[in-house]
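Peer 1: Take this structure, written in structure tokens, and hold onto it; I'll ask about it next.
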Amino acid sequence: MVLSLTLYCAWLALKQKRKTESVTTCAIPLEKFTISGLQFTVLIFNGTKVIKRQIVNSKPVNRKPKYLSSHPIFSEMKKIMMVDLAAQYQKIQPEIDKAVLDVIHSTAFINGPEVKNFQSELEKYLGVKHVIPCANGTDALQIAMMALGFQPGDEVITASFTYVATAEVIALLKLKPVLVDVLPDTFCIDPKAIEAAITPKTKAIVPVHLFGQCADMDAIMKIAKKHNLAVIEDVAQAIGANYYSASPTPPKEGLSTAQSSNEIVMQHPPLGGRGAKAGTIGTVGCTSFFPSKNLGCYGDGGALYTNDDALAKKARMVANHGQSVQYYHDEIGVNSRLDSLQAAILRIKLRHLDEYAAARRKAADYYDKAFANHPKIVTPKHASYSDHVFHQYTLVLKNADRTRLREFLASKEIPAMIYYPVPLHMQKAFPDPRYKEGDFPVTEMLCKSVISLPMHTELDEDTLKYIVDSVLEFLK
């Protein structure tokens, strides 16, 4: 990095043909940079000391080396983002632009061919019988619960350490959210806590495949089968992840049988299906196509997926004002559609989804190796039963000031996020006398100690090194 700085400053001075006391195009201060013929003396302040470097008989270059123009230390470089959608778009711009213009020219904006094509292609990718596109991930959860016929007062178990939408929908439908703790290593719902929370009113479990990795679905499905509960997988952060069951028996078609318009009796298949996609293991999977998701559109979008014919039929009806035939409304439903423009964009990005996951894993591997065995950092666990597609790269800090670290990174123009600072059982929106601070020690510990670093498909090694070096510098 020092040599790169020296070469860049030499190049800049030759270009300007003058002496300078500072170089404003750099993101760190450089002082007393002098030039004499083709011999350079550069004094570089690296934050702790001044380093002197000389280059003799160097030749000027006509342009900055590509390495330097992409290095994060230079202010003219693109800004480091938590998710870099612009750079991702540039790589697929011709495909995206054509797909969008084709929809505009067709004027088939609602329920057009692109929606049906995306639905079919996603079904094939996931290996699932039915995909029901909808307006967003929150709607997907709501439609699933409505289609399953839950009634006010029914209890639904989910994790306290998750985004609010998971529990928000439960409360919105006047169901009762039952919150439980998570595992300290995967951050996903604790199966033992699920079992302990079941009552005669319990109707469903909502495991959240948090940050890109599946919850322990073998254990969860055993509990669900034992108690005849629906399993609604929240896959908003883990689309494309594979789950590897311990059982060799493949799942049978059909997860339930509709008994009436308000009741679906769960008939769980034997566990199994090596490499089943996240969201295809339980009763129904629900996902979001929010722009920052691993498979994200350029607006809002979502989908449900299931192998159950009766449930799929009812979910489609619920999502379309409760009608299966136009103007004949058999159920109270909602208006929740994925529009054709977003479907066209998602069709393009679906073709790259595995490539995107590989890029995220490569970035995560870099972080893992850089932070390995650091006494103040716990890196994400890679569970043996699940791929990790790294929607987020989340560290747990030990004996480190998270607020100051985040401020330090911000001073270096490195974003970092806290997912999530307040657990659901301590949110004002969910007042419940059953819960108090201290009830979920793992969740509360995570809320106080997690920090997520930039994670996306366009991270290069120079940027990753700059981020890692900055984190390690602070934690020295």
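Peer 1: Looking only at the range 164-192, filter to residues that are over 20 Å from PRO431 (Cα atoms) and more than 19 Å from the chain's Cα centre (by Cα); which one of those is surrounded by the fewest Cβ atoms within 10 Å (Cβ to Cβ)?
Peer 2: Only one residue fits best here, namely LYS192.
Peer 1: Okay, moving on. Quick one: in the range 417-431, of everything that is part of a loop (DSSP other than H, G, I, E, B) and touching a residue at least 60 places away in the same chain (Cβ under 8 Å), which residue is surrounded by the fewest Cβ atoms within 10 Å (Cβ to Cβ)?
Peer 2: ALA429
Peer 1: Can PHE150 be described as assigned to a helix (DSSP H, G or I), at pLDDT 95 or above and over 30 Å from VAL378 (Cβ atoms)?
Peer 2: no
Peer 1: Would you point out the residue of the range 446-462, among those that are out of contact with any His (no Cβ under 9 Å at 6 or more places or on another chain) and among the polar types (S, T, N, Q), that is surrounded by the most Cβ atoms within 10 Å (Cβ to Cβ)?
Peer 2: Ranking the qualifying residues of the range 446-462, first place goes to SER452.
Peer 1: Shifting gears a bit: Which numbered condition trips up ILE170, out of (1) over 20 Å from TYR435 (Cβ atoms); (2) part of a helix (DSSP H, G or I)?
Peer 2: If we test ILE170 against (1) over 20 Å from TYR435 (Cβ atoms); (2) part of a helix (DSSP H, G or I), just (1) comes out false.
Peer 1: Go through the range 108-162 and count every residue that is surrounded by 18 or more Cβ atoms within 10 Å (Cβ to Cβ), over 19 Å from LEU341 (Cβ atoms) and among the polar types (S, T, N, Q).
Peer 2: 5
Peer 1: Within the range 454-476, take every residue that is touching a Ser or Thr at 6+ places or on another chain (Cβ under 8 Å) and not in a helix (DSSP H, G or I) and give me the one that is farthest from ALA165 (Cα to Cα).
Peer 2: Filtering the range 454-476 for residues that are touching a Ser or Thr at 6+ places or on another chain (Cβ under 8 Å) and not in a helix (DSSP H, G or I), the one farthest from ALA165 (Cα to Cα) comes out as ASP460.
Peer 1: Can you pull out every residue in the range 320-375 that is basic (Lys, Arg), farther than 17 Å from ASP387 by Cα and surrounded by 14 or more Cβ atoms within 10 Å (Cβ to Cβ)?
Peer 2: ARG337, ARG347, LYS349
Peer 1: Going by the conditions given, is PRO94 surrounded by fewer than 20 Cβ atoms within 10 Å (Cβ to Cβ) and modelled with pLDDT of 95 or more?
Peer 2: yes
Peer 1: Return only the number of the condition from (1) under 24 Å from LEU464 (Cβ atoms); (2) out of contact with any helix residue (DSSP H, G or I) (no Cβ under 7 Å at 6 or more places or on another chain); (3) without any contact (Cβ under 8 Å) to a residue 60 or more places away in the chain that ALA357 does not satisfy.
Peer 2: All conditions are met except number (3).
Peer 1: How about the range 370-391: which of its residues are within 15 Å of ALA241 (Cα to Cα), out of contact with any Gly (no Cβ under 7 Å at 6 or more places or on another chain) and assigned to a loop (DSSP other than H, G, I, E, B)?
Peer 2: LYS381, HIS382, ALA383, SER384, TYR385, ASP387 - these are the residues of the range 370-391 that are within 15 Å of ALA241 (Cα to Cα), out of contact with any Gly (no Cβ under 7 Å at 6 or more places or on another chain) and assigned to a loop (DSSP other than H, G, I, E, B).
Peer 1: A follow-up question, please. Look through the range 325-369, keep the residues that are of a type in the set (A, V, I, L, M, F, W, C), over 16 Å from ASN136 (Cβ atoms) and outside any helix (DSSP H, G or I), and return whichever of them is nearest to the chain's Cα centre (by Cα).
Peer 2: Applying the filter and picking the extreme gives ILE332.
Peer 1: One residue is enough: does the range 222-236 have a residue meeting the conditions surrounded by 24 or more Cβ atoms within 10 Å (Cβ to Cβ), more than 20 Å from GLY279 (Cβ to Cβ), in contact with a Ser or Thr (Cβ under 8 Å, 6 or more places away or on another chain) and of a type outside the set (Ser, Thr, Tyr)?
Peer 2: no
Peer 1: Of all residues being within 18 Å of ALA312 (Cβ to Cβ) and assigned to a loop (DSSP other than H, G, I, E, B) in the range 279-294, which is nearest to the chain's Cα centre (by Cα)? Just the residue, please.
Peer 2: GLY279
Peer 1: Quick one: how many residues across the range 326-355 are modelled with pLDDT under 95 and more than 24 Å from THR283 (Cβ to Cβ)?
Peer 2: Residues that pass the stated criteria total 1.
Peer 1: Against the conditions (1) crowded, with 19+ Cβ neighbours inside 10 Å; (2) modelled with pLDDT of 95 or more; (3) not polar (S, T, N, Q), where does PRO251 fall short? Just the number, please.
Peer 2: (2)
Peer 1: Restricting the search to the range 214-237, which residues are part of a helix (DSSP H, G or I) and either without any contact (Cβ under 8 Å) to a residue 12 or more places away in the chain or acidic (Asp, Glu) (or both)?
Peer 2: Once the filter is applied, which keeps residues that are part of a helix (DSSP H, G or I) and either without any contact (Cβ under 8 Å) to a residue 12 or more places away in the chain or acidic (Asp, Glu) (or both), the range 214-237 yields ASP218, LYS226.
Peer 1: Kindly evaluate PRO133 against the criterion of being outside any helix (DSSP H, G or I), assigned by TED's automatic domain parsing to the domain that holds GLY282 and more than 21 Å from ASP300 (Cα to Cα).
Peer 2: no
Peer 1: Additional query: In the range 156-187, how many are touching a Ser or Thr at 6+ places or on another chain (Cβ under 9 Å), of a type outside the set (A, V, I, L, M) and over 23 Å from ASP139 (Cβ atoms)?
Peer 2: Count: 3.
Peer 1: Considering the range 189-213 alone, what residues qualify as being in contact (Cβ under 8 Å) with a residue 60 or more places away in the chain and within 22 Å of PHE289 (Cα to Cα)?
Peer 2: Answer for the range 189-213, where residues must be in contact (Cβ under 8 Å) with a residue 60 or more places away in the chain and within 22 Å of PHE289 (Cα to Cα): VAL206, PRO207, HIS209, PHE211, GLY212, GLN213.
The values are calculated or read from the model by the stated rules, or taken from the named source; none is laboratory data. The structure displayed is predicted, hence computed values, not measured ones. Cβ: placed from backbone, ideal geometry, glycine included. Neighbour counts: every protein chain shown.
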